[in-house]
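Let me begin by presenting the structure, written as structure tokens, before commenting on it.
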Ligand SMILES: N[C@@H](CCC(=O)N[C@@H](CS)C(=O)NCC(=O)O)C(=O)O
């Protein structure tokens, strides 16, 4: 296999850390572009991501955005590492299931809470503070279901660490900042399992 040429637009604490972690697990070298807040919305990033958001990647000259898509592309580059279920297998659909679940039922709500409480994305005059309690309620509803699932298994797909866990783990990491994992012992144990891994880039909140 030729070594793929990979550029990652990133900023350490953001969702781009998912991709950084996957690249470290994959042992694939890459060029880090940005790692400074000025990269967000820049002309260079907009050439790869239409909204100028992170992460974005260029793999062998082909642009790709959305952290879930980039994780899958990276993991598929190194099938021997088994960082994602085989394409076409039922396990791959379980990967899609948990990524979609985490994205739509959990991440969307913490993202909305963040947008409505910091002045970086939109000015405070546009904040809707009343939305925060509702966001927390929806997040915790989904977190309860995930907590139950993780009472049965250490990792989400085939009980083996994969990029599915990197994707979902970040959603938990984010929720933990808002104390949304309180009372969910299986989620806390899972999060601790992920944080104990050598390449996990996240710091305890
Ligand atoms: N669904 C996207 C989210 C991308 C996203 O919103 N990234 C944030 C950083 S974590 C960003 O670049 N925000 C800047 C902005 O909203 O202008 C993904 O997972 O890649």
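The values are calculated or read from the model by the stated rules, or taken from the named source; none is laboratory data. This structure is a prediction, so every number in the text was calculated from the model and none was measured. FYI the Cβ positions are ideal-geometry reconstructions off the backbone, even for glycines, and counts take in every protein chain you see.
The table for this structure:
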item: Count - residues of region 170-205 that are part of a helix (DSSP H, G or I) and farther than 19 Å from residue 104 by Cβ; result: 12
item: Scope region 105-123; condition in a helix (DSSP H, G or I) and either more than 12 Å from the ligand (Cβ to nearest atom) or touching a helix residue (DSSP H, G or I) at 6+ places or on another chain (Cβ under 7 Å) (or both); matching residues; result: 105, 106, 107, 109, 110, 112, 113
item: Criterion violated by residue 53 - all others in (1) in a loop (DSSP other than H, G, I, E, B); (2) more than 9 Å from the ligand (Cβ to nearest atom); (3) modelled with pLDDT of 95 or more satisfied; result: (2)
item: Per-region count, region 57-104, residues away from the ligand (no atom under 15 Å from the Cβ), part of a helix (DSSP H, G or I) and in contact with a strand residue (DSSP E or B) (Cβ under 9 Å, 6 or more places away or on another chain); result: 1
item: Which listed residue, of 11, 45, is within 9 Å of the ligand (Cβ to nearest atom), touching a strand residue (DSSP E or B) at 6+ places or on another chain (Cβ under 8 Å) and over 26 Å from residue 172 (Cα atoms); result: 45
item: Test: residue in region 130-138 that is in contact (Cβ under 8 Å) with a residue 40 or more places away in the chain, within 24 Å of residue 189 (Cβ to Cβ), out of contact with any strand residue (DSSP E or B) (no Cβ under 9 Å at 6 or more places or on another chain) and not assigned by TED's automatic domain parsing to the domain that holds residue 25; result: yes
